[in-house]
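For reference, the structure is listed below as structure tokens.
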Amino acid sequence: MSSPISAVSQMLERNQALFVGKRLLVCGALEDDYPRQLAALAQTLTVFTTDYCYYRSQQAALGEGILFDHQLGGAPRFDALLLLMPKAKAEAQYLLAMMAPLLEAGADLFLAGENRGGINGADKLLAPYGEKPIKRDSARRCSLYHGELCKPVAPFELESWFGRYQCKAGDTELTVLALPGVFSAAELDLGTQMLLAAVPPMQGELLDFGCGAGVIGSVLAKRNPDLRVNMVDISALALESSRRTLAINGLLGKVCPSDVYSDVSTRFQHIVSNPPFHAGLKTFYAATETFLAKAPEFLLPNGSLTIVANAFLRYQPILETHFKRVDVISSDAKFKVYLSKV
């Protein structure tokens, strides 16, 4: 059964004549089943996503037509690109730079998204690739822009897109590498700083849940040489960033995609996280609540879950429902660090 389509997809549905007969590449902030409809209109359809949750939800229907990774390469083979605007402008720039070399000269460039999500910056985003785009539609606080690839395209160089900074958590120094749109891509956030200052020494198996750029797992690996680090995230950009952060610091760890615990098959002595609660432009709690509620199933006897969360989030009642003991081990006006034991 198909889920309701978003306002952006409803707008695209009104303009789907634009996609008929195209060799179409779709990527960006994919939210619903609408791309499946495009398969019936386009000559060929390829959906590229950096979101493992979306990939899992569409894989059965789209098969080889959907790809999950941090990068897509190959020769020019598409004559139309539909980019659904991600929330971070830098990520949109990254995706356009990566996809443009896959497009033939004269290819259609479609950008769609919510007005409050940055779509009205389409002119600047498309400026390196063609002339000023046409605004094809505007409805329900969403807009669709249409341009044409008519400027030379530079080869995509992945290495040039990594941000790099040094961070210090207590006595532990770390070099962080991160792709655009990844959490903590530019600096170490205050919540993670508080978490790393409060977390006790560890040994055994660790799961860094929602690893982002890999800061938590890498710092803890550096502090605790006997710790075996595992990192999961739904973002392919985050996973590649974590791999790079581990490597540049001479650290070892397993990094793999997982939609909450979908691809987690072992149990751990420790789970540590600064869990996300934003999905796109909406506050989203369901995945984090599932993560907290099911954590005991993935912990060994006497295992612990340590998280940092915004102080206003009511995570303590959830933790107290599923753990024998819950302590707030650090807090201020903005954040709380919870240590929960099974």
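With 16 Å as the cut-off, how large is the P(r) tail for segment 123-171, expressed as percent of Cα-Cα pairs?
Working: 750 of 1176 pairs.
Above the 16 Å cut-off, segment 123-171 has 64 percent of its Cα pairs.
Against the 2.2 N^0.38 Å scaling, with N counting residues, where does segment 160-206 land? I'd like the Cα-based Rg ratio to two decimal places. Don't skip to the answer; put the middle values down first.
Details: Rg = 12.3 Å, N = 47, 2.2 N^0.38 = 9.5 Å.
In units of the globular-protein estimate, segment 160-206 measures up at 1.30.
Hey, can you find the accessible area per residue of segment 1-123 for me, probe 1.4 Å, expressed in square angstrom?
41
Quick one, what does Rg over Rh come out to for the chain if you take C-alpha atoms and the Kirkwood Rh?
When Rh is taken as the Kirkwood radius, the ratio is 1.00.
Going Cα to Cα from K124, which lysines come in below 21 Å? Please leave out same-chain ones fewer than 8 positions away.
Cross-link targets: K87, K89, K132, K135, K151.
Which whole number of Å³ per residue matches the convex hull of the alpha-carbon atoms in segment 119-212?
169
Could the peptides 173-184, 96-107, 57-68 be put in order, highest first, of the mean number of other beta-carbon atoms found within 10 Å of their residues?
Descending mean neighbour count gives 173-184, 96-107, 57-68.
Arrange the residues R136, R23 by how much accessible surface each exposes, largest first, with a 1.4 angstrom probe.
Heavy-atom accessible area, descending, gives R136, R23.
Expressed as an acute angle from 0 to 90° and rounded to the nearest 10, what is the orientation of the C-alpha long axis of helix 89-99 relative to the principal long axis of the chain?
Taking the Cα atoms of the chain, the angle to 89-99 is about 60 degrees.
Compute the long axis of helix 52-62 from its Cα atoms, compare it with the longest principal axis of the Cα atoms of the chain, and write down the angle in degrees, 0 to 90, nearest 10.
That helix lies at roughly 50 degrees to the long axis.
Return the calculated 222 nm mean residue ellipticity for the chain, to the nearest 500 deg cm²/dmol, obtained by summing -39500 (n - 2.57) across DSSP H runs with n ≥ 4 and dividing by the residue count.
One gets -7000 deg cm²/dmol as the mean residue ellipticity at 222 nm.
Quick one: give the max-minus-min coordinate of the C-alpha atoms of segment 76-144 along each principal axis, largest first, in Å.
For segment 76-144, the Cα extents along the three principal axes come out at 34, 23, 18 Å.
If I stretch the segment between S330 and D137 completely, what's the gain in nm (0.36 nm per residue apart, minus their alpha carbon distance), one decimal?
Taking S330 through D137 to full extension adds about 64.5 nm, to one decimal.
Tell me the net charge near I234. Cut-off is 11 Å between Cβ atoms, I234 excluded, with +1 for each Lys or Arg and -1 for each Asp or Glu.
-3
Summarise the accessible area of the chain (1.4 Å probe, protein heavy atoms) by the percent that is carbon and sulfur.
Of all accessible area on the chain, carbon and sulfur atoms account for 51 percent.
Compute the long axis of helix 236-248 from its Cα atoms, compare it with the longest principal axis of the Cα atoms of the chain, and write down the angle in degrees, 0 to 90, nearest 10.
The answer is roughly 50 degrees.
Among all the aspartates and glutamates, which ones have a C-alpha under 19 Å from K294's C-alpha, if same-chain residues fewer than 8 places away are not counted?
In chain and number order, the partners are E205, D208, D233, D259, D263, E320, D327.
Shape verdict for segment 1-140, please, from the Cα gyration tensor: rounded (a/c under 1.5), prolate (a/b greater than b/c) or oblate. Working shown, then result.
Numbers: a/c = 1.30, a/b = 1.13, b/c = 1.15.
Since a/c stays below 1.5, the shape of segment 1-140 is classed as rounded.
The values are calculated or read from the model by the stated rules, or taken from the named source; none is laboratory data. Source: prediction; values computed, not measured. Ideal geometry is used to build each Cβ from the backbone, glycine not excepted, and the neighbour counts take in all protein chains shown. Note: accessible area is taken over every heavy atom of the protein model, side chains too, but ligands, DNA and RNA are not part of it. Shrake-Rupley method; radii C 1.70, N 1.55, O 1.52, S 1.80 Å.
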